[in-house]
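Enquirer: Got a structure for you, questions after.
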């Protein structure tokens, strides 16, 4: 199937309210089957649209004197279909979020705390369970690794919020517990499109709910990884609390490393509608794309 992909992008790094680096890129790729003819050709309309999306984000970046901020805005066209993307990656005091200018909320830095001394049940706040599922279900599905252990009351789907993917094919929702993502994405005109997640949404359907008095509350996740050879999931927890009844103690950042199948078996409860986690910058084969992340409040048994 032949299609013409065009893109314009602006990528800036700000630190302490000051612009450190600004890069512009643009080009197009004519794709015919397995052949790609790429050229550094600028489309004035796409360039203008990408630059226009930077205005609001720059205003926010200037106000954050204690933060590292990366701004990325792009406008792309596949044949006649056009769409835009604008994201902000904000790091303050070790807490990182990926957001948009419309949904921006400044992260709050946390002081260093205690170190977890025992394995405890985990309550995943703020939609953060979506990051766990991004690795254990989404990336696993990309490699054809599926599990029969997911709770029957839990659905995990990839639901694109745009109509046409980067190869000109209509998008559709996919059940990540049984199928790999079907949306083809590319980071730039120089890259080969590959199937990638777009927007992971986990939903509970009459799930059990019993909140342990002694637990760990996870609020933010710094990053994660999935190792396809060993099927191990790794998460770096950047903000969490140790809860014992009415007593709450901040925890120092820590790491979880657990087998994919163990994650599926550990999910024991959930409550409410999916909450939007600030987002995930997902890197695969050198291509960074933003994946939306939504999950309800969720409880897992200890992940060891």
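Enquirer: Criterion first (at pLDDT 95 or above, under 16 Å from the mean Cα position of the chain (by Cα) and farther than 22 Å from residue 227 by Cα) does residue 160 satisfy it? Before you say what the answer is, go through the steps one by one.
Expert: Numbers: at pLDDT 95 or above: yes; under 16 Å from the mean Cα position of the chain (by Cα): yes; farther than 22 Å from residue 227 by Cα: yes.
Yes.
Enquirer: Which number in (1) at pLDDT below 95; (2) in a strand (DSSP E or B); (3) farther than 13 Å from residue 218 by Cβ marks the one condition that residue 261 misses?
Expert: (2)
Enquirer: Consider residue 95 against the criteria (1) buried (at least 16 other Cβ atoms within 10 Å of the Cβ); (2) in the same structural domain as residue 242 (by TED's automatic domain parsing); (3) out of contact with any helix residue (DSSP H, G or I) (no Cβ under 7 Å at 6 or more places or on another chain); (4) more than 17 Å from residue 301 (Cα to Cα): it satisfies all of them except one. Which criterion is unmet?
Expert: Going through (1) buried (at least 16 other Cβ atoms within 10 Å of the Cβ); (2) in the same structural domain as residue 242 (by TED's automatic domain parsing); (3) out of contact with any helix residue (DSSP H, G or I) (no Cβ under 7 Å at 6 or more places or on another chain); (4) more than 17 Å from residue 301 (Cα to Cα) one by one, residue 95 breaks only (2).
Enquirer: Follow-up question, since we're still on this one. Could you please find all residues in segment 221-252 being more than 14 Å from residue 134 (Cα to Cα) and buried (at least 18 other Cβ atoms within 10 Å of the Cβ)?
Expert: Residues satisfying the conditions are 237, 238, 239, 240, 241, 242, 243, 251.
Enquirer: Ok, one more. Regarding segment 136-147, can at least one residue be identified that is buried (at least 20 other Cβ atoms within 10 Å of the Cβ), in a strand (DSSP E or B), outside the structural domain of residue 73 (by TED's automatic domain parsing) and modelled with pLDDT of 95 or more?
Expert: Checked segment 136-147: no residue is buried (at least 20 other Cβ atoms within 10 Å of the Cβ), in a strand (DSSP E or B), outside the structural domain of residue 73 (by TED's automatic domain parsing) and modelled with pLDDT of 95 or more.
To keep it simple, each residue is scored yes or no on (1) free of Cβ contacts under 8 Å to residues at least 12 places away in the same chain; (2) surrounded by fewer than 21 Cβ atoms within 10 Å (Cβ to Cβ); (3) over 18 Å from residue 184 (Cα atoms).
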| position | (1), (2), (3) |
| --- | --- |
| 271 | no, yes, yes |
| 276 | no, yes, yes |
| 280 | no, no, no |
| 285 | no, yes, no |
| 297 | no, no, yes |
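Enquirer: Just checking: which of the strands (runs of 3 or more DSSP E) contained wholly in segment 1-113 hold 2 or more residues that are modelled with pLDDT of 95 or more? Quick ask: steps written out before the conclusion?
Expert: Values: elements: 2-15, 18-32, 35-39, 68-78, 81-92, 95-99.
Hits in segment 1-113: 2-15, 18-32, 68-78, 81-92.
The values are calculated or read from the model by the stated rules, or taken from the named source; none is laboratory data. Bear in mind the structure is a predicted one, so any value in this text is a computation, not a measurement. All Cβ positions, even for glycine, are placed from backbone atoms using ideal geometry, and neighbour counts span all protein chains on display.
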